[in-house]
Amino acid sequence: MAHRWTNDLTPADVTPKEVWLNRRQIVAGLGVGIGAGAIAGPGLAYTPDPSLEPNTFEDITTYNNFYEFGTAKEDPAKNAHLLQTEPWSITVNGMVDNPGEYTVEDLIGGFDIEERIYRFRCVEAWSMVIPWNGVELADVLDRVGVQDGARYVAFETVVQPENMIGVRRRVLDFPYVEGLRLDEARHPLTMMATGIYGEPMPKQNGAPIRLVVPWKYGFKSIKSIVRITLTDEEPPTSWNKANAREYGFYSNVNPNVDHPRWSQATERRIGGGLFQRRQPTLMFNGYDEVASLYEGMDLTEFY
Ligand SMILES: Nc1nc2c(c(=O)[nH]1)N[C@H]1C(S)=C(S)[C@@H](COP(=O)(O)O)O[C@H]1N2
Ligand SMILES: [Mo]
């Protein structure tokens with residue numbers, strides 16, 4: 001499968017192989033990887049400037065938002081082991097040629113699992129750098145066959161009340177739902193991720209398969225997906241339903257549009273279990289290549 005995403009880094013930016021291999025060994029101690037061979041491709045050939053130095057596996061898996069498992073940052077790591085991921089079935093419906101029930105393998109089997117180190121920015125003004133493993137959503141959409149007239153993709157998270165304390169407490173209107181405009185969904189940066197650091201996706205990070213949209217606030221990257229719907233109407237999204245004034249449909253990272261209750265001009269990079277240095281928030285989280293998707297749109301109106 002040809003990859004449509006190309007990065008702007010040169011060989012000079014590549015992390016020395018020894019550094020890479022050492023990191024591999026460190027994370028290899030954590031368990032069995034998802035086909036290490038599958039990710040040992042050219043996708044590894046970038047870890048550029050220090051701003052893309054990945055967070056540790058521990059940071060990424062113990063400081064989470066996954067409201068189905070509670071509202072505190074430590075809750076998902078404590079409670080998500082209860083998530084039942086086998087069997088897992090993803091309903092694909094709406095304006096598609098091949099609707100039906102898919103396993104994860106049905107959806108992504110045969111595609112290269114790439115590793116992509118992405119900046120990840122939560123709406124709450126913290127950030128991390130995460131090495132995701134996954135495929136481009138565009139490839140999945142091609143597999144299910146998007147029909148003419150479809151304009152949006154809607155996603156839904158599993159609901160397991162018996163296993164999810166946040167669902168029982170109704171901390172949000174579950175199921176958690178999210179959506180993208182079709183051109184956003186097809187953008188080569190947009191991933192369906194099945195792992196981090198070459199490991200199967202930890203439950204607290206959205207096993208077995210979740211969305212990653214690196215130029216948008218973290219809540220757009222919906223976890224533990226069980227439904228994908230192609231539609232001609234802008235779909236409802238969980239945080240917009242909860243508070244439309246604070247959370248829009250687009251939710252692009254934008255230092256110039258503050259959250260009503262806090263500034264988005266800067267962010268704190270999480271590291272070593274602590275918040276570290278404050279740094280400027282980058283427009284589109286630094287992914288300038290998506291700017292053309294929003295040409296002519298007032299991003300203060302469409303926040
Ligand atoms: N189903 C579901 N998906 C979700 C959330 C959630 O509460 N439920 N939280 C979102 C938010 S606010 C963030 S910041 C990211 C966190 O992803 P991570 O745990 O992999 O860092 O997941 C997003 N996806
Ligand atoms: Mo978030």
**Request:** Read through the list (1) of a type outside the set (A, V, I, L, M, F, W, C); (2) outside any loop (DSSP other than H, G, I, E, B); (3) closer than 21 Å to GLU184 by Cβ, then give the number of the only condition that PRO255 fails.
**Result:** (2)
**Item:** Filtered residue count, the stretch 258-281, keeping only those that are aliphatic (A, V, I, L, M) and assigned to a strand (DSSP E or B)
**Value:** 2
**Prompt:** Mind checking which pairs have a first residue in the stretch 210-232 that is free of Cβ contacts under 8 Å to residues at least 40 places away in the same chain and within 16 Å of LEU172 (Cβ to Cβ) and a second that is in a loop (DSSP other than H, G, I, E, B) and more than 12 Å from ligand 2 (Cβ to nearest atom), Cβ under 8 Å, 6 or more apart or different chains?
**Reply:** none
**Prompt:** Since GLU74 meets every condition but one in (1) touching a Phe, Trp or Tyr at 6+ places or on another chain (Cβ under 9 Å); (2) buried (at least 20 other Cβ atoms within 10 Å of the Cβ), which condition does it not meet?
**Reply:** (2)
**Fill in**
Of the residues in the stretch 212-221 that are hydrophobic (A, V, I, L, M, F, W, C) and away from ligand 2 (no atom under 11 Å from the Cβ), the one that is nearest to the chain's Cα centre (by Cα) is VAL212
**Request:** Tell me which residues, restricted to the stretch 230-273, are small (Gly, Ala, Ser) and within 30 Å of GLY145 (Cα to Cα).
**Result:** SER238, GLY248, SER251
**Prompt:** Quick check, is ILE209 under 16 Å from the mean Cα position of the chain (by Cα), within 20 Å of PRO131 (Cβ to Cβ), among the β-branched types (Val, Ile, Thr) and crowded, with 21+ Cβ neighbours inside 10 Å?
**Reply:** yes
**Prompt:** Looking at this structure, is GLY149 farther than 23 Å from ILE60 by Cβ and not hydrophobic (A, V, I, L, M, F, W, C)?
**Reply:** yes
**Message:** Can you name every one of the strands (runs of 3 or more DSSP E) wholly within the stretch 129-247 that holds 3 or more residues which are within 9 Å of ligand 1 (Cβ to nearest atom) and of a type in the set (A, V, I, L, M)?
**Reply:** none
**Message:** With the requirement that a residue be touching a strand residue (DSSP E or B) at 6+ places or on another chain (Cβ under 8 Å) and under 19 Å from VAL226 (Cβ atoms), what does the stretch 107-120 give you?
**Reply:** LEU107, ILE108
**Message:** If I ask for residues that are of a type in the set (A, V, I, L, M, F, W, C), surrounded by 12 or more Cβ atoms within 10 Å (Cβ to Cβ) and more than 18 Å from the chain's Cα centre (by Cα), which ones from the stretch 226-261 would you list?
**Reply:** LEU230, ALA242, VAL257
**Prompt:** So, in the stretch 104-123, of the ones that are at pLDDT 95 or above and touching a His at 6+ places or on another chain (Cβ under 9 Å), which residue ends up farthest from ligand 2 (Cβ to nearest atom)?
**Reply:** GLU114
**Asked** Failed condition for ALA291, given (1) within 16 Å of ligand 1 (Cβ to nearest atom); (2) outside any strand (DSSP E or B); (3) more than 14 Å from the chain's Cα centre (by Cα), with all others met?
**Response** (1)
**Message:** So in the stretch 134-161, with the set limited to residues that are surrounded by fewer than 17 Cβ atoms within 10 Å (Cβ to Cβ) and free of Cβ contacts under 8 Å to residues at least 60 places away in the same chain, which one is farthest from GLU114 (Cα to Cα)?
**Reply:** PRO161
**Asked** Looking at PHE284, is it among the aromatic types (Phe, Trp, Tyr), in contact (Cβ under 8 Å) with a residue 24 or more places away in the chain and in a helix (DSSP H, G or I)?
**Response** yes
**Request:** Sort out which residues of the stretch 194-212 are more than 15 Å from GLU156 (Cα to Cα) and of a type in the set (Val, Ile, Thr), and write them in order of number.
**Result:** THR194, ILE196
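The values are calculated or read from the model by the stated rules, or taken from the named source; none is laboratory data. On a predicted model such as this, the values are computed, not experimentally measured, just so you know. Positions of Cβ are generated from backbone atoms using ideal geometry, with glycine treated the same way; all protein chains shown enter the neighbour counts.
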